[in-house]
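The values are calculated or read from the model by the stated rules, or taken from the named source; none is laboratory data. None of the values given here were measured: they were computed from a predicted structure. As a convention, Cβ positions derive from the backbone with ideal geometry for all residues, glycine included, and neighbour counts pool all protein chains shown. SASA here: full protein model, heavy atoms, side chains in, ligands and nucleic acids out. Shrake-Rupley method; radii C 1.70, N 1.55, O 1.52, S 1.80 Å.
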Protein chains: 2
Amino acid sequence: MSEFLVIPRADHDNLIANAYQARGFTPEEAALGAKLAAEAARHGIRTHHGLKALHLDHLFGSAAGGCVPGAEIEVIPSRFAASERWNANKKLGQAVAYQAIDRAIELAEEFGIGQVAVDNAFHYLWGGGYMIEAAQRGYYAYTNCTAALAEVVPFGGKFPTLGTNPHSWGIPSTDAVGFPIVIDWATSTVAMGRVQSLAREGKSLPEGAAVDADGNPTTDPNKVSALLPFGAHKGYGLSLINEIFGGFIGGSLPTLRSRKDKAPADEKTTPVFYFQVIHPEALSGGNFAKGRSQKDNLRAVLDDILDHGNDNCILPGQFEAQARRKSDEAGGLLFTAAEVAEFNEIARELGLQEWDAASLPAV
Amino acid sequence: MSEFLVIPRADHDNLIANAYQARGFTPEEAALGAKLAAEAARHGIRTHHGLKALHLDHLFGSAAGGCVPGAEIEVIPSRFAASERWNANKKLGQAVAYQAIDRAIELAEEFGIGQVAVDNAFHYLWGGGYMIEAAQRGYYAYTNCTAALAEVVPFGGKFPTLGTNPHSWGIPSTDAVGFPIVIDWATSTVAMGRVQSLAREGKSLPEGAAVDADGNPTTDPNKVSALLPFGAHKGYGLSLINEIFGGFIGGSLPTLRSRKDKAPADEKTTPVFYFQVIHPEALSGGNFAKGRSQKDNLRAVLDDILDHGNDNCILPGQFEAQARRKSDEAGGLLFTAAEVAEFNEIARELGLQEWDAASLPAV
């Protein structure tokens with residue numbers, strides 16, 4: 001078990017918000033960028049916390065024209081009362097996504113279900129974070145987005161034309177099982193970051209996860225040129241759904257996404273998001289066995305699934321909930337010494353005081 | 001390539017409708033039961049056509065108390081304008097599902113998105129059929145249901161507590177690619193019917209598809225006691241979603257579903273359905289590259305995915321569309337001689353004229 005250093009959340013948020021503001025983002029954008037980064041760290045999502053957020057912005061975002069600090073969301077008029085469509089004008093993804101969840105919740109409160117489709121977006125980083133937010137507030141939520149780069153080969157194909165296209169669902173299950181169930185994954189078998197870490201460790205990939213430059217299957221992480229969808233045609237279908245939402249909302253060709261240098265001037269290179277929120281009461285038939293309440297019925301269903309010798313099973317979101325508890329008990333966000341060193345580099349560049357690893361509490 | 005006999009659709013529908021009416025179903029229920037059976041055969045869905053429909057009704061339906069001929073749908077009052085919740089009172093699943101799609105389309109026309117949650121349902125047989133119906137009419141549609149029996153072991157577990165829990169999506173893509181994209185599959189790696197057919201053929205199952213009575217992995221179809229989710233934790237999460245909708249809507253314990261003999265009198269044993277329809281215009285940001293229309297943009301996205309050497313890839317729904325074209329060109333529904341013999345048994349029982357296999361056209 002590796003050791004983690006405990007960073008007070010206010011210190012973390014201050015550093016991330018400062019970094020965003022130094023790049024021209026507004027205080028509100030910077031605060032929401034820091035919020036998602038903190039929640040990712042708090043829930044043990046080591047691949048999508050503040051270091052990744054700032055790196056992503058550097059690679060594809062404010063430094064590359066993919067994200068525009070201070071941009072305003074434009075709500076496009078719609079004749080459909082339970083639906084909104086937004087032009088994000090490349091505003092910081094996290095700021096847009098938190099607002100979209102707020103709005104979709106308002107729509108679900110009124111109509112039982114609500115949706116917000118977002119065109120001209122910038123990557124929102126960690127879909128699960130918004131789902132946890134909605135689920136904690138008592139709503140069923142779903143989001144998908146078109147991932148930044150086309151790195152995944154369609155089932156039966158040779159060339160990567162699909163994003164890792166994640167789907168994320170949040171379930172208001174805290175009353176039933178103690179935490180929000182969060183189902184949150186990419187539609188590729190593994191992420192490109194996992195390939196790189198296996199290469200570093202000299203390990204092989206699982207079968208069916210990737211192809212080499214000729215489009216042939218490989219388990220050698222050093223030969224990986226592109227990824228494969230999980231579950232063959234089934235994961236391929238799920239990945240297509242994100243591209244189909246992209247096509248309907250206003251995304252352009254998947255192979256040009258985030259590749260402004262390759263794209264003709266009249267093609268778009270921005271990703272899209274889609275958010276949907278459902279009010280659980282809008283689903284209730286009001287007739288639960290043994291006179292149970294809706295949440296007691298959900299608990300009974302989940303208890304049955306994990307009973308009968310299945311006590312080793314976990315529910316999706318359980319690891320995130322455990323990480324969160326550990327973090328909250330430690331009184332701050334948990335980072336490795338190497339991560340703290342990277343944060344300190346950022347602090348140095350900003351002229352802020354560095355964190356003193358030697359004096360930080362460890363867990 | 002096996003040979004198929006061509007049955008005129010009217011003859012098929014007449015037989016199936018007669019069979020349903022002989023079991024007490026109303027003419028309207030019988031007609032919708034025949035419609036879905038015909039559409040399944042027409043789209044090449046050999047596992048869910050009329051023979052399966054009548055067999056399912058026999059095993060779990062009108063003969064077993066799981067389905068009540070002539071039952072009336074009760075619309076439960078709701079404060080949410082874009083949402084309906086129905087008590088199906090065990091009405092024939094196909095009749096309920098076609099009505100739910102009609103109603104969800106009306107809601108999507110008004111609100112951009114609409115949902116219908118159905119409690120006390122009877123199995124609707126083939127989710128993809130309703131999705132094709134909605135997609136042909138120009139809408140994005142989604143459905144899930146809790147499958148009749150708990151046959152699938154949760155990821156990491158030993159005992160089957162989940163249904164094969166299918167998800168089905170329909171995409172209004174006929175203008176873009178010539179047919180509706182339909183993504184439609186169970187969340188188990190294979191279906192139980194496939195296990196039985198592999199056992200008959202003396203073949204092995206793929207790895208990771210099933211477990212034996214002790215909960216250990218097996219590829220021997222004769223030792224299979226339960227199925228595994230596709231894609232490990234990812235398919236497990238997708239299967240859980242159906243049970244979670246079940247829990248919210250009014251389904252009871254998964255291991256008691258369709259097992260009235262095992263269930264205490266105060267537990268429910270009925271499945272649930274969930275339908276959602278989205279109007280594509282409600283998603284459109286109205287700003288497509290190169291001045292494309294929304295459908296042209298969808299076509300450009302799909303063309304890009306299948307370009308770059310990926311011309312061997314197929315789109316989900318393509319096989320169904322090919323089967324449909326073949327069927328329509330033949331001027332009827334295509335069945336094997338063995339299937340025709342089974343239909344003739346049903347005709348004999350009903351006192352109807354049998355089909356004369358020798359004089360039927362073949363393709």
- Given the options A:Gly332, A:Gly157, A:Gly61, which has the most mean-square fluctuation in a GNM of chain A, springs set between C-alpha atoms less than 10 angstrom apart? A:Gly157
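Tell me, what % of the accessible area of chain A is carbon and sulfur with a 1.4 angstrom probe?
About 50 percent, which is the carbon plus sulfur part of the accessible surface.
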- Task: Mind listing, in residue-number order, the residues in the stretch B:307-336 that have at least 50 Å² less accessible area with every protein chain present than in their own chain alone (1.4 Å probe)?
- Result: B:His308, B:Asn310, B:Cys313
- Message: For B:Ala357, place a label point 7 Å from Cα along the Cα-to-Cβ direction in every copy; what are the distances to the other copies, in nm, shortest first?
- Response: 7.8
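Computed on protein heavy atoms with a 1.4 Å probe, what is the summed buried accessible area for the chain pair B and A, in Å² to the nearest 100?
7500
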- Query: Quick one: Karplus J couplings for the stretch A:202-207, per residue in order, coefficients 6.51, -1.76, 1.60, θ = phi - 60°, nearest Hz, x for Gly and Pro?
  - Reply: x, 9, 8, 7, x, 4
- For the stretch A:233-269, which residues drop by 50 square angstrom or more in accessible area between the chain on its own and all protein chains together (1.4 Å probe)? A:Lys234, A:Tyr236, A:Leu240, A:Ile241, A:Ile244, A:Phe245, A:Gly247, A:Phe248, A:Leu253, A:Asp266
- Message: Can you compute the modelled spin-label distance between A:His58 and A:Glu342, with each label point 7 Å from Cα toward Cβ, in nm?
- Response: 0.9
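Taking only protein heavy atoms and a 1.4 Å probe, what accessible area per residue, in Å², does chain B have with all protein chains in place?
Each residue of chain B exposes 37 Å² on average to a 1.4 Å probe.
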- Query: Any idea what Rg and Dmax come out to for the stretch B:88-205 if you just take the C-alpha atoms, in Å?
  - Reply: 16.6, 54
- If you plug each phi of the stretch A:47-59 into the Karplus form 6.51 cos²θ - 1.76 cosθ + 1.60 with θ = phi - 60°, what whole-Hz ³J(HN,Hα) values come out, in order, with x for Gly and Pro? 8, 9, 8, x, 4, 5, 4, 6, 5, 4, 4, 5, 6
- Task: Could you list the residues of the stretch A:244-260 with an amide nitrogen less than 15 Å from a label point located 7 Å from the Cα of B:His308 in the Cα-to-C-beta direction?
- Result: A:244, A:252-260
- Message: Assume the label is 7 Å from Cα along Cα to beta carbon: what separations in nm does B:Gln318 have to the matching positions in the other copies?
- Response: 3.9
- Query: Past the 29 Å Cα-Cα mark, which pairs from A:Lys223/A:Lys326; A:Lys35/B:Lys234; A:Lys223/B:Lys203; A:Lys234/B:Lys90; B:Lys52/B:Lys268; B:Lys158/B:Lys260?
  - Reply: A:Lys223/A:Lys326; A:Lys223/B:Lys203; A:Lys234/B:Lys90
- Using the 2.2 N^0.38 Å rule of thumb for compact globular proteins, work out how the protein assembly as shown stacks up: its C-alpha Rg over that value, please. 0.97
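Among rounded, prolate and oblate, which fits the stretch A:174-240 when a ≥ b ≥ c are the square roots of the eigenvalues of its C-alpha gyration tensor, a/c under 1.5 means rounded, and a/b larger than b/c means prolate?
Oblate, since a/c reaches 1.5 and b/c is not below a/b.
How much length, in nm to one decimal, is gained on full extension between B:Asn216 and B:Ser204, taken as 0.36 nm per residue of separation minus their Cα-Cα distance?
2.8 nm
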- Item | chain B - mean residue ellipticity at 222 nm from DSSP helices (-39,500 (n - 2.57) per run, n ≥ 4, rounded to 500) | -12000 deg cm²/dmol
- Message: Considering all projection directions equally, how large on average is the shadow of the alpha-carbon convex hull of the stretch B:219-258, in square nanometres?
- Response: 3.8
- Return the average number of partner chain Cβ atoms within 10 angstrom of each residue Cβ along peptide B:149-160. 4
- Kirkwood calc, the stretch A:212-324, C-alpha pairs only, radius in angstrom 19.4
- Message: Using the Kirkwood radius over C-alpha pairs as Rh, can you work out the diffusion coefficient of the stretch A:1-94 via Stokes-Einstein at 37 °C, viscosity 0.692 mPa s, in µm² per second?
- Response: 226
- Measuring from label point to label point, each 7 Å out along Cα→Cβ, what is the B:Asp296 to B:Ala265 span in nm? 6.8
- In terms of the alpha carbon gyration tensor, root eigenvalues a ≥ b ≥ c, rounded if a/c is under 1.5 and otherwise prolate when a/b exceeds b/c or oblate, the stretch B:260-363 is oblate
- Query: Rule-of-thumb check for chain A: C-alpha Rg over 2.2 N^0.38 Å?
  - Reply: 1.02
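In percent, how large is the relative contact order of chain A, given Cα pairs closer than 8 Å and 6 or more residues apart?
Dividing the mean separation by the residue count of chain A yields 22 percent.
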- Query: Using a label position 7 Å from Cα in the Cα→Cβ direction, what is the ascending list of nm distances from A:Asp214 to the same site in the other copies?
  - Reply: 4.3
- Item | P(r) weight above 16 Å for the stretch A:73-128, C-alpha pairs, percent | 39
- Query: Put a dot 7 Å past each Cα toward the Cβ at A:Gln353 and B:Thr174; how far apart are the dots in nm?
  - Reply: 6.8
